[in-house]
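The values are calculated or read from the model by the stated rules, or taken from the named source; none is laboratory data. Note that the structure is a prediction, hence the values are computed from the model and not measured. Neighbour counts are summed over all protein chains in view; Cβ atoms, including those assigned to glycine, are modelled from backbone coordinates with ideal geometry. These area figures cover heavy atoms from the full protein model, side chains too; ligands, DNA and RNA do not enter into them. Shrake-Rupley method; radii C 1.70, N 1.55, O 1.52, S 1.80 Å.
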Protein chains: 2
Amino acid sequence: MAERISDAEHAVMEVLWDHAPLDAQSIYDRLSGSQSWTLATVKTLLSRLVSKDALATEAQGRKFLYRPAIERTAYVAHESGRLVDRLFGGKLSPLVAQFAESEKLSPEDIAEIEALLQELKK
Amino acid sequence: MAERISDAEHAVMEVLWDHAPLDAQSIYDRLSGSQSWTLATVKTLLSRLVSKDALATEAQGRKFLYRPAIERTAYVAHESGRLVDRLFGGKLSPLVAQFAESEKLSPEDIAEIEALLQELKK
DNA sequence: GGCGTACGATTACATTTGTAGTCAAAGGAT
DNA sequence: ATCCTTTGACTACAAATGTAATCGTACGCC
């Protein structure tokens, strides 16, 4: 488990987290907006994700339907944990501070975070 | 600029952000605690970082002193921006929510974040 | 029922990364 | 003056990654 998903592979995962199950062609179609990969490339990524047990397949006639085998939440938790550990010693507040300083915090975002924290303290 | 620093390279950068300038041997020494790399490996990483313009060197006799050529803040901002963009659509609150759910938020951390936000609203 | 075609599988290949060995030269020790 | 050591430079090589072409084959169309 947890074989490490590369950047390119991640783009494929996102499509499937949003609209699984899909066959290769449809995944390719949906990626066309953001990436200029050929169908062959997308198929390579799909195979690799299947080997990594990040995707499961289900035969539909002579094609496959692909669907995520790991939860997006788990992936996201893992990845953000990793980054926060590496860059901020595992503490979230320095990340927030960093965002604050680089002006990447919208007022709505601030409000939402505050609401979250209120909820937690309760 | 911004040649993408790998995980292993990042470990080297951290040492230098903390104690620059240092020569290769001292960097190796300081890394010995956390990594089991040989001196040769550390030297390879140093060379690569120099090519990537992430480190600058200054000759000291027949050895080099290495020091960061990019600010840790800039690096950290870039990396965390990247992750937040990829995984949370550029918004920080979902990341905080994710941390909250996985119980990775200590009370102190919460307090610090709240303080930060108070500061911002002022 | 042969034929093109659309699939997944296999193969390809350059680049990056992790991890290190070797080499030539410069200095220091004797 | 000679030899050992230390240092950066160069070379090595496997695995992962990005990106794709090709191949064998099962299907559907005529």
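Quick look at the numbers
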| quantity | calculated |
| --- | --- |
| Residue in segment A:16-57 that is nearest to residue A:74 (Cα to Cα), counting only those that are exposed (fewer than 15 other Cβ atoms within 10 Å of the Cβ), more than 10 Å from DNA strand C (Cβ to nearest atom) and over 18 Å from the mean Cα position of the chain (by Cα) | A:29 |
| Residue match in segment B:64-83 (condition: over 16 Å from the mean Cα position of the chain (by Cα), within 16 Å of DNA strand C (Cβ to nearest atom) and open to solvent by 30 Å² or more (accessible area, probe 1.4 Å)) | yes |
| Enumeration of residues in segment A:87-103 that are at the interface with another protein chain (Cβ under 7 Å from one of its Cβ atoms), open to solvent by 40 Å² or more (accessible area, probe 1.4 Å) and not small (Gly, Ala, Ser) | A:91 |
| Close pairs from segment B:39-55: first in contact (Cβ under 8 Å) with a residue 24 or more places away in the chain, partner near DNA strand C (Cβ under 8 Å from one of its atoms) and part of a helix (DSSP H, G or I), Cβ under 7 Å, at least 6 apart | B:45/B:8; B:45/B:9; B:48/B:9; B:49/B:9 |
| Test: residue in segment B:86-104 that is within 18 Å of residue A:83 (Cβ to Cβ), under 20 Å from the mean Cα position of the chain (by Cα) and within 15 Å of DNA strand C (Cβ to nearest atom) | no |
| Condition met for residue B:41 (more than 8 Å from chain A (Cβ to nearest Cβ) and out of contact with any His (no Cβ under 9 Å at 6 or more places or on another chain)) | yes |
| Some residue of segment B:104-112 being among the acidic types (Asp, Glu), facing chain A (nearest Cβ under 8 Å) and open to solvent by less than 10 Å² (accessible area, probe 1.4 Å) | yes |
| Restricting segment B:49-83 to residues that are among the charged types (D, E, K, R) and within 14 Å of chain A (Cβ to nearest Cβ), the residue that is farthest from residue A:81 (Cα to Cα) | B:71 |
| All positions within segment A:11-60 that are outside any loop (DSSP other than H, G, I, E, B), near DNA strand D (Cβ under 9 Å from one of its atoms) and in contact with a helix residue (DSSP H, G or I) (Cβ under 7 Å, 6 or more places away or on another chain) | A:11, A:39, A:42, A:43, A:45, A:48 |
| Residue within segment A:104-111 that is over 29 Å from residue B:17 (Cβ atoms) and either within 15 Å of DNA strand D (Cβ to nearest atom) or of a type in the set (A, V, I, L, M) (or both) present | yes |
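Matching residues to (1) out of contact with any Asp or Glu (no Cβ under 9 Å at 6 or more places or on another chain); (2) at positive phi; (3) among the charged types (D, E, K, R):
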{"site": "B:71", "(1), (2), (3)": "yes, no, yes"}
{"site": "B:77", "(1), (2), (3)": "no, no, no"}
{"site": "B:84", "(1), (2), (3)": "yes, no, no"}
{"site": "B:89", "(1), (2), (3)": "yes, yes, no"}
{"site": "B:92", "(1), (2), (3)": "no, no, no"}
{"site": "B:95", "(1), (2), (3)": "yes, no, no"}
{"site": "B:104", "(1), (2), (3)": "yes, no, yes"}
{"site": "B:117", "(1), (2), (3)": "no, no, no"}
